[in-house]
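See below for the structure under consideration.
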Amino acid sequence: LNNQIVIKSRQGDYKVDFVSNVSELSSLSVSNETFVVADALVYELYSAQLGKLTDLPTYLVDANEETKTIEGVSNLVDWLLKNKATRSANIIALGGGVIQDLVTFTAHIYYRGVSWTFLPTTLLSQSDSCIGAKCGINVLPLKNQLGVLHSPSHVVICSAFLETLPSIEIDSGYGEIYKLSLTGSGEFFQLLEKEVSDNGHKNSQILELTRLSLIAKQEIIEEDEYESDLRRVLNYGHSFGHALEALTHNQVPHGIAVMWGIDIINFLGEKWGISNPEIVTRVKLLIENTVDFQIEEMPSASDFVRMLGRDKKVENGLMNFAVMHEIGDIRIHSKALDEDLVLLVQEYLDGKPLFTTS
Ligand SMILES: NC(=O)c1ccc[n+]([C@@H]2O[C@H](COP(=O)([O-])OP(=O)(O)OC[C@H]3O[C@@H](n4cnc5c(N)ncnc54)[C@H](O)[C@@H]3O)[C@@H](O)[C@H]2O)c1
């Protein structure tokens, strides 16, 4: 296993290191300008193993969507000012995507930018969001309306954190892993397929799957860091996924919604004559056999298409869908949000869509 990946970024290259034990994190270099911002739950579970990191000034917050709002940022800024953090401060963020978004935004605006180090503790943040520099802050009830790009200076991944992560969060983390395995190399998908069908989501290769996910994302973001055409393939599974999240008022966890979004766009891709039917079936079986989730009430086909119309990827009435041709070959196709699409979505829903009971 290669224990380090270096991500090239316009804001400065940064290292992603992999360690086995939480106690190894205590050897991170710190100064009297280092501050910790941590998920309160994670801190409670792991502070005994964090050694000298627990001597640093520490701000604890709950990982919920209210935390990553302007008010949440403002509270953290007040705390940093009270603790006399200057422009040379470094913030260590310990937690999942919520803590990441809060810290990225705050670090970007505090004295026009201070450095931050990320210790991701969820599968989603370890295998996907920890690289790429993006963040999203909520203006509730709307999610991720405000954002900045601010790369971390260092990321350290310790998969031992996953031992306490609830199963639903593990399943959800796999949403982005499935996506990245299909944008990546064929070997990555094969390893994922074998491991997950033999041993389920909590398998011994999870660290390797995380590493391969980051390498697949790295290839895309290094070529197209700031969202133009290439980076759009990272939206694979997300158009319908976001629509499902919005229509169910976020009752479906993000990664589960992405899996569902992958399945329906694969179905449509096959109908459009784009997606390889054999891969479509393999991906569906894999998800079906490993995720135990039920969607309480499925929105209607016309609700879905109406919701897609509010997506920021709509241009001149056409939606830019990321569609899989083959493993490792995802391309953007513009499609009208019209009655034909409603009928195809209806056909999918009338079949046996993922995560439904009957
Ligand atoms: N910036 C990005 O690129 C990006 C990408 C995707 C998602 N996000 C955002 O990330 C957020 C979701 O983040 P997430 O899925 O990483 O989870 P999270 O931060 O919302 O945490 C999920 C739950 O798991 C708990 N938890 C975290 N680590 C744990 C551990 N090791 N053991 C036990 N419990 C633990 C948290 O306390 C929380 O209850 C959303 O707000 C989403 O918008 C950001």
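The values are calculated or read from the model by the stated rules, or taken from the named source; none is laboratory data. Since the model is a prediction, treat every value here as computed from it, not as a measurement. Cβ sites come from the backbone with ideal geometry, for glycine too, and all protein chains shown count toward neighbours. Side chains included, ligands, DNA and RNA excluded: accessible areas come from the protein's heavy atoms. Shrake-Rupley method; radii C 1.70, N 1.55, O 1.52, S 1.80 Å.
Here are a few things to note about the model shown:
- 0 to 90° range, to nearest 10: angle between helix 277-290 axis and the chain longest Cα axis: 50 degrees
- Cα shape, the range 172-280, gyration tensor, a/c 1.5 rule: rounded
- Put a plus charge on the Cβ of each Lys and Arg, a minus charge on the Cβ of each Asp and Glu, and nothing anywhere else: the dipole of the range 1-147 about its Cα centre is then about 560 debye.
- Debye, to nearest 20: dipole size of the range 133-280, +1 on Lys, Arg Cβ, -1 on Asp, Glu Cβ: 380 debye
- Sites Glu288 and Lys84 - FRET efficiency at Förster radius 41 Å, r taken between beta-carbons, to 0.05: 0.15
- Computed from Cα positions, the angle between helix 97-109 and the longest principal axis of the chain comes to roughly 60 degrees.
- For the options Ile91, Ile131, Ile274, a Gaussian network treatment of the chain with springs between C-alpha atoms closer than 10 Å singles out Ile274 as fluctuating the most.
- Entry comment: accessible area of the range 31-88 is 55 Å² per residue, from protein heavy atoms only and a probe of 1.4 Å.
- The range 255-358 - percent of accessible surface contributed by carbon and sulfur, probe 1.4 Å: 45 percent
- For the range 215-352, the antiparallel share of DSSP beta bridges with both residues in that region comes to about 100%.
- Protein-only accessible surface at a 1.4 angstrom probe places the residues Asp311, Asp303, Asp62 in the order Asp62, Asp303, Asp311, largest first.
- Per-residue HN-Hα couplings for the range 246-262 [Karplus 6.51, -1.76, 1.60; θ = phi - 60°; Hz; x = Gly/Pro]: 5, 6, 9, 6, 6, 7, 9, x, 3, x, 5, 5, 5, 4, 4, x, 5
- Per atom type, the range 149-222 shows carbon and sulfur on 48% of its accessible surface, probed at 1.4 Å.
- Computed over the range 226-358, the P(r) tail beyond 23 angstrom holds 26 percent of alpha carbon pairs.
- Accessible area of the range 1-144 belonging to carbon and sulfur atoms, whole % at 1.4 Å probe: 50 percent
- Under a 5 Å amide H cut-off, with hydrogens placed 1.01 Å from N, Thr34 pairs with Asn90 among residues at least 5 apart or on other chains.
- Top of Gly237, Gly261, Gly309 by mean-square fluctuation, Gaussian network on the chain, Cα under 10 Å: Gly309
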